[in-house]
Amino acid sequence: MFGKLFHKSVKNVDVTEIDKDNLPLHIGIIMDGNGRWAKKRGMPRNVGHRSGAETLKKITTYADEIGIKAITAYAFSTENWKRPKAEVDGIMALLREYLKDYKKNLGDKNAVIRVIGDRSALDQDIQDLILETEDFTSKNTGVILNLAINYGGQSEIVMAVNDAIKNGEEITEGSIENHLYTKELPPVDLIIRPSGEKRISNFLLWQSAYAELWYDEVLWPDFTTDDLNRAILDFQKRNRRYGGV
Ligand code: FPP
């Protein structure tokens, strides 16, 4: 399978070098650059978000094909409510469409869709769609796609600590971890942020403790499977010491 998938050399990366036994298990993606992508084309920002949502579908399908276990994609942060109403409404409309596509089996047919973040602030119909999509895809066996919506890393940690206290648990790294949204997922090995920004922006703060970070100038709507290959190859060249020597 890898021979077929990884058959060409792209952007000076020989993809045959990718080691299928050392893939990042869980990749976090900050889907940045949608607004600039649209601006460059003289189009409204929401056109960029729409294109970004299409990119996410392609990347999810490809990640599934090559055996990535989980992706967490930052679709809407707790701070994104500060954006103009038209943009927020546009992203919410896209989210409805995106979830409906998965319900109709139009997204990656093998992906398991889950949503992390405080969904209680979302419109009721979106909350219902989330539940239906999670249920509809729950028996799939492919990549888990976590959509981070109304998500913030700091509030996730506060929630986890409060839940542990409510359960009468001692506060330890393990007990906090057991109450994070990502508790059932493999550790985050790699965080990808396109568009030239080098910030973590309240994304997977706890989970990124030992994640490798990969930045690039490419804007998210232009991000291709070749870019994912580049990020994976770069990840495989890192010397991960987890604080040891
Ligand atoms: C950051 O780019 C992107 C966002 C805040 C929204 C990301 C949303 C999507 C990709 C679409 C919705 C997702 C789904 C799954 C339906 P930016 O707007 O900050 O770009 P800029 O920095 O160039 O302005």
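For this structure, a couple of remarks:
- Those residues of the stretch 198-231 which are more than 25 Å from Val115 (Cβ to Cβ) and in a loop (DSSP other than H, G, I, E, B), in sequence order: Lys198, Asp216, Glu217, Val218, Thr224
- Matching option when the condition is touching a strand residue (DSSP E or B) at 6+ places or on another chain (Cβ under 6 Å) and either in a loop (DSSP other than H, G, I, E, B) or at pLDDT below 95 (or both), among Leu185, Leu180, Leu147: Leu185
- Residue list for the stretch 12-32, restricted to those being in a loop (DSSP other than H, G, I, E, B), on the phi < 0 side of the Ramachandran plot and loosely packed, with under 14 Cβ neighbours inside 10 Å: Asp19
- Among residues of the stretch 137-155 that are without any contact (Cβ under 8 Å) to a residue 60 or more places away in the chain, those with a beta-carbon under 9 Å from a residue that is in a loop (DSSP other than H, G, I, E, B) and buried (at least 20 other Cβ atoms within 10 Å of the Cβ) at least six positions away or on a different chain give the pairs Thr137/Gly107; Thr137/Ala111; Asn140/Asp108; Asn140/Ala111; Gly153/Phe203; Gly153/Leu204.
- Residue in the stretch 33-52 that is part of a helix (DSSP H, G or I), free of Cβ contacts under 8 Å to residues at least 60 places away in the same chain, closer than 16 Å to Gly107 by Cβ and within 11 Å of the ligand (Cβ to nearest atom) present: yes
Residues checked against (1) more than 26 Å from Lys58 (Cα to Cα); (2) surrounded by fewer than 19 Cβ atoms within 10 Å (Cβ to Cβ):
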site	(1), (2)
Arg114	no, no
Leu131	no, yes
Ser138	no, yes
Val143	no, no
Gly168	yes, yes
His179	yes, no
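- Residue check for Glu17: more than 11 Å from the ligand (Cβ to nearest atom) and either within 20 Å of Ile192 (Cβ to Cβ) or among the charged types (D, E, K, R) (or both): yes
- Evaluation of Asn105 against (1) over 14 Å from the mean Cα position of the chain (by Cα); (2) within 12 Å of the ligand (Cβ to nearest atom) (one fails), failing number: (2)
- Taking the criterion of being among the aromatic types (Phe, Trp, Tyr) and more than 23 Å from Gly153 (Cα to Cα), the residues of the stretch 79-138 that qualify are Tyr98, Tyr102, Phe136.
- Among the residues here, Ala164 does not qualify as modelled with pLDDT of 95 or more, buried (at least 21 other Cβ atoms within 10 Å of the Cβ) and of a type in the set (Gly, Ala, Ser).
- Ile116 meets the conditions (1) over 19 Å from the mean Cα position of the chain (by Cα); (2) more than 11 Å from the ligand (Cβ to nearest atom) in every case but one. The failed one is (1).
- Only listed residue being over 16 Å from Asp118 (Cβ atoms), surrounded by 21 or more Cβ atoms within 10 Å (Cβ to Cβ), of a type outside the set (A, V, I, L, M, F, W, C) and touching a helix residue (DSSP H, G or I) at 6+ places or on another chain (Cβ under 7 Å), chosen from Ser195, Ser175: Ser195
- Leading residue by the ranking (surrounded by the most Cβ atoms within 10 Å (Cβ to Cβ)) among those in the stretch 61-96 that are among the charged types (D, E, K, R), free of Cβ contacts under 8 Å to residues at least 24 places away in the same chain and within 13 Å of the ligand (Cβ to nearest atom): Arg83
The values are calculated or read from the model by the stated rules, or taken from the named source; none is laboratory data. Not measured: the values here are computed from a predicted model. Neighbour counts run over all protein chains shown; Cβ positions are idealised from the backbone, glycine included.
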